[in-house]
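Written below as structure tokens is the structure these notes are about.
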Amino acid sequence: MSNEPLRIGVPSKGRLSELAAELLADAGLKYRRQDRDLFARVKAGGGLDGPIDVTFLRTDDIPVLCAEGAIDIGVTGSDLVEEAGVNKAVADRPAVVTRMPLSMGGCRLAVCVPDASPVVTPKDLAGDRIATSFPHVTRAYLNSHGVSCHIVELTGSVEVMIALGVADAIVDLVETGSTLAANKLRILDTIGSYETVLIQNPATKHGALCDQIARRIEGVIIARGYSLLEYNVPEESLAEAEKITPGFSSPTVNRLEEQGWCAVRAMVKRGEVIGVMERLEKLGARAILETAIKNCRL
Ligand code: PRP
């Protein structure tokens, strides 16, 4: 084991910075950032197999800094990984490894045109000006359609560029669609779907510690996606109830002292819990309880 600390790169500001801090804290990696410090040391102990520093970085720099080995692992967007091109190996640098999606920050990258635009297919964009913060992904997309456009590279506020007369179309992230609606734009085509991911430098000297952190984060992510449902059900309805709550691998079933009744415990996807409870109730289940799971190892 190296004495050098492992470095985790996390976004320095914005919503993703808060979400990353929460995720790491839930995974047992606690740290306090002083003012605008660039580094924070993770509190020692708690079973961690080595010292860890958290580095606060621009979200869009994290893919390149991970590829170059400045950080061992990082939290960033898969859109930024693709735009940086580090998900593919090049002659003097292997590809970064995407360890896992973090079930947050889901969005689409889309080609958008004004509501009133006559453009119908990507081919109709030929010769147009396209404003974007994703020039590489945009060029690859246009090439795949055999279309040549003038790309206006920007770092933000892309959605107003058509109104400013700088562009005919934009390629930008769409989450709820409210930015598009506010700017009277519509989606012409979706280039890809993206989310926040955990990435790792493939040549890290801290492989075992990276595995430990990734495993902890995975436990938190799975736990966040599920609830534990417990209920009592008549034996004759057990088979049907097990179909409704098959659990992560299988439900736990115990006989109750009361003749003809079983107690069942199963993990249920959080978004489906209420519907599942209603179906169980109709089946004759009683004492149906939902419990949030904070962490798990499956
Ligand atoms: C992103 C994107 C859009 C907006 C889309 O901007 O660039 O402007 O979110 O979200 P919506 O579909 O929910 O409206 P972000 O807030 O990340 O800031 P940015 O403009 O600095 O990229």
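The values are calculated or read from the model by the stated rules, or taken from the named source; none is laboratory data. The structure displayed is predicted, hence computed values, not measured ones. For neighbour counting, all protein chains shown are included, and Cβ atoms are generated from backbone atoms with ideal geometry for every residue, glycine included. Accessible surface is based on the protein model in full, side chains and every heavy atom, while ligands, DNA and RNA are left aside. Shrake-Rupley method; radii C 1.70, N 1.55, O 1.52, S 1.80 Å.
Can you list residues whose amide H is under 5 Å from residue 106's amide H, if they're 5+ apart or on another chain and H is modeled 1.01 Å from N?
196
Which one of 138, 198, 167 is farthest out on the positive end of the charge dipole of the chain, using unit charges on Cβ (Lys, Arg +1; Asp, Glu -1) and the Cα centre as origin?
Sorting the options by dipole projection puts first 198.
According to the Cα gyration tensor, what semi-axes, each the square root of 5 times an eigenvalue, does the equivalent ellipsoid of region 74-160 have, listed from largest to smallest in whole Å?
Three semi-axes, in Å: 27, 17, 12.
Could you tell me which residue out of 208, 273, 21 lies farthest along the dipole of the chain toward its positive end? Charges go on the beta carbon: Lys and Arg +1, Asp and Glu -1, centred on the Cα centre.
Sorting the options by dipole projection puts first 208.
How large is the charge dipole for the chain, taken about the Cα centre, if only the Cβ atoms of Lys, Arg (+1) and Asp, Glu (-1) carry charge, to the nearest 20 debye?
Dipole size: approximately 520 debye.
For the chain, compute Rh as the Kirkwood radius over C-alpha pairs and then the Stokes-Einstein diffusion coefficient at 25 °C and 0.890 mPa s; write the answer in µm²/s, rounded to an integer.
D = 110 µm²/s.
Provide the per-residue ³J(HN,Hα) series for region 91-97, in order, calculated from phi with Karplus coefficients 6.51, -1.76, 1.60 and θ = phi - 60°, each as a whole number of Hz, with x at glycine and proline positions.
Couplings: 3, 9, 7, x, 6, 5, 9 Hz.
Any idea which of 251, 288, 65 is furthest toward the positive side of the dipole for the chain, if Lys and Arg beta-carbons carry +1 and Asp and Glu beta-carbons -1?
Toward the positive end, the furthest listed residue is 65.
Remind me, relative contact order of region 1-75 in percent, using alpha carbon pairs under 8 angstrom and six or more residues apart?
Averaging sequence separation for qualifying contacts and normalising by length gives 45 percent for region 1-75.
So if I average 1/r over every pair of distinct C-alpha atoms in region 7-85 and take the inverse, what Kirkwood radius in Å does that give?
So the Kirkwood estimate lands at 12.8 Å.
Rank 80, 164, 102 by mean-square fluctuation in a GNM of the chain with C-alpha springs under 10 angstrom and give only the top-ranked residue.
So, out of 80, 164, 102, the one fluctuating most is 164.
Region 95-122 to region 172-238: how many Å between their Cα centroids?
If we compute the Cα centre of each part, the gap is 16 Å.
Hey, got a sec? Which trypsin sites (Lys or Arg not before Pro) in region 53-118 land in a DSSP loop and have at most 12 other Cβ atoms within 10 Å?
Of the trypsin sites (Lys or Arg not before Pro), the ones in loops of region 53-118 whose Cβ has at most 12 other Cβ atoms within 10 Å are 88.
Hey, what's the chain come to in accessible area per residue, 1.4 Å probe, Å²?
Heavy-atom accessible area per residue stands at 53 Å².
Cut-off 10 angstrom, C-alpha nodes, Gaussian network model of the chain. Which of 177, 85, 46 fluctuates the most?
So, out of 177, 85, 46, the one fluctuating most is 46.
Apply the Karplus curve 6.51 cos²θ - 1.76 cosθ + 1.60, θ = phi - 60°, to the phi angles in region 185-197 and return the couplings in whole Hz, x for Gly and Pro.
Once rounded to whole Hz, the list reads 10, 10, 7, 8, 7, 9, 7, x, 10, 9, 7, 6, 9.
Past the 18 angstrom mark, what percentage of all C-alpha to C-alpha distances in region 167-298 do you count?
68
Provide the per-residue ³J(HN,Hα) series for region 173-179, in order, calculated from phi with Karplus coefficients 6.51, -1.76, 1.60 and θ = phi - 60°, each as a whole number of Hz, with x at glycine and proline positions.
Per-residue couplings from phi come out as 6, 10, 10, 8, x, 6, 5 Hz.
Pairs 184/269; 13/269; 13/123; 205/269; 13/88; 243/294: which are spaced more than 29 Å apart, C-alpha to C-alpha?
184/269; 13/269; 13/123; 205/269
Just to be sure I follow: if Rg is taken over the C-alpha atoms of region 226-292 and Rh is the Kirkwood radius over the same atoms, what is Rg/Rh?
We get a ratio of 0.93 for region 226-292.
Once you keep just the Cα pairs under 8 angstrom separated by 6 or more residues, what percentage relative contact order results for the chain?
It comes to 19 percent, rounded to a whole number.
Which of the peptides 61-67, 111-117, 165-171 is most tightly packed, and how do the rest follow, judged by the mean count of other Cβ atoms within 10 Å per residue?
With the highest mean Cβ count within 10 Å placed first, the list reads 61-67, 165-171, 111-117.
Leaving ligands, DNA and RNA out of it, report the carbon-plus-sulfur percent of the accessible area of region 107-193 at a 1.4 Å probe.
The nonpolar share, carbon plus sulfur, comes to 53 percent.
Before anything else, pin down the relative contact order of region 107-193: Cα pairs under 8 Å, at least 6 apart, normalised by residue count, whole percent.
Normalised by residue count, the contact order of region 107-193 is 50 percent.
How would you order 271-279, 7-15, 33-41 from highest to lowest mean count of nearby Cβ atoms within 10 Å?
7-15, 271-279, 33-41
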